[in-house]
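Take a look at the structure set out below.
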Amino acid sequence: MVSSIVGTRVANGDLIVLRPEGMYCPAGDFYIDPSRPVGCAVITHGHGDHARAGMGCYHVATAGLPILEWRLGVQHYICHAYGEPFRLGAATVSLHPAGHVLGSAQVRIEVDGQVWVASGDYKRQPDPTCTPFEPVRCDTFITECTFGSPIYRWPETSAVIAEIAAWRDECAEHGEAAILYCYALGKAQRVLAELLAMGETVPVWLHGAVDAGVQVYRRAGVAMIETQRVADEARGAEFAGRLVIAPPSAAGSSWLRRFRRAQQGFASGWMQLRGNRRRGNYDRGFVLSDHADWPGLLQTVQQSDARHVIATHGSTDALVRALNEKGLTATTFALSRGEED
């Protein structure tokens, strides 16, 4: 649904349209999570498929600044507290918690009484590492749809974390390390915080790429279980019975040679499908996602009160069909996204 732009207005009244750089707000002359360098960007969160270097300025949620500084270095950042309105051109903009990772935000845009919200990535499950998702009422809701299929329904987080701890103990009985792959920004910190919450005391070992993000979260005041870096241990050290968290890129790499015997697991919403675990050659799969599942998507659309919904980034067909059957007007934006990390 791409509209022609006339000055700071859009011919059919759309507050956000698609351009090659990404989602563009003509009234405010800014982009949301642009994929190419632009003058003014509003960034939803720090994952690499949403935040890129080279923008003239970055409007970000204050809570997300440490992540952006870690990922992008010195840039022209303009920070805003959650819910604090600010003006960009003819648009009034505000950022609201998305519950995805530390500092993640939805973007609310109001022009002449019309309100659009772009969700960015979000989840509805509780997460001790970030501010919970906040429903925002609007006329048009642009929702991510990474897991936009009825088959995706997340188990309770506490049950999944208990499974991970039990797997570590099973590995100990066999003299193996338990290497858990998960994204270095958001997922790893969530696992560490949840382990602390359930009373675990055994330190967790970290790949260097994961440790860097964990230290950013610690400096931001997020409580997590004690951790140590694998690189700080002498080569040939015994890791049997230890939980080791590494990014997915470490799978199959020379980094694994330091572990004499190990099982490998992956924590992701994609593990809902056993075929994905087999294709990845993982010994164990743990269903843990930082995105909304199918019930979460439907709940969020309902709470937005939007009559027009635009689905992006993922399996959009099923959600669009379900919403149209409910009497809403649902369409899609074909945004190109890569891996989160």
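The values are calculated or read from the model by the stated rules, or taken from the named source; none is laboratory data. Just so you know, these numbers come straight off a predicted model, no measurement behind them. Positions of Cβ are generated from backbone atoms using ideal geometry, with glycine treated the same way; all protein chains shown enter the neighbour counts.
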Residues being aliphatic (A, V, I, L, M), crowded, with 17+ Cβ neighbours inside 10 Å, out of contact with any strand residue (DSSP E or B) (no Cβ under 6 Å at 6 or more places or on another chain) and within 24 Å of PRO132 (Cβ to Cβ): count how many of those fall in segment 61-83. 2
Verdict on PRO128 being under 19 Å from GLU156 (Cα atoms) and either without any contact (Cβ under 8 Å) to a residue 60 or more places away in the chain or in contact with a Ser or Thr (Cβ under 7 Å, 6 or more places away or on another chain) (or both): no
Take segment 205-230 and flag every residue that is farther than 15 Å from LEU180 by Cα and either outside the structural domain of PRO248 (by TED's automatic domain parsing) or in contact with an Asp or Glu (Cβ under 8 Å, 6 or more places away or on another chain) (or both). ILE225
Can you find even one residue in segment 132-142 that is in the same structural domain as GLY48 (by TED's automatic domain parsing), touching a Gly at 6+ places or on another chain (Cβ under 7 Å) and either closer than 17 Å to PRO295 by Cα or among the aromatic types (Phe, Trp, Tyr) (or both)? yes
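Looking at ILE225, ILE179, ILE245 in this structure, which one is without any contact (Cβ under 8 Å) to a residue 60 or more places away in the chain and β-branched (Val, Ile, Thr)?
On the way: ILE179 fails: without any contact (Cβ under 8 Å) to a residue 60 or more places away in the chain; ILE245 fails: without any contact (Cβ under 8 Å) to a residue 60 or more places away in the chain.
Exactly one residue qualifies, and that residue is ILE225.
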Which ranges mark the helices (runs of 4 or more DSSP H) fully within segment 224-341 that have 2 or more residues being surrounded by fewer than 14 Cβ atoms within 10 Å (Cβ to Cβ), modelled with pLDDT under 90 and at negative phi? 274-279
How many of the residues making up segment 203-222 are more than 26 Å from MET271 (Cβ to Cβ) and in a loop (DSSP other than H, G, I, E, B)? 2
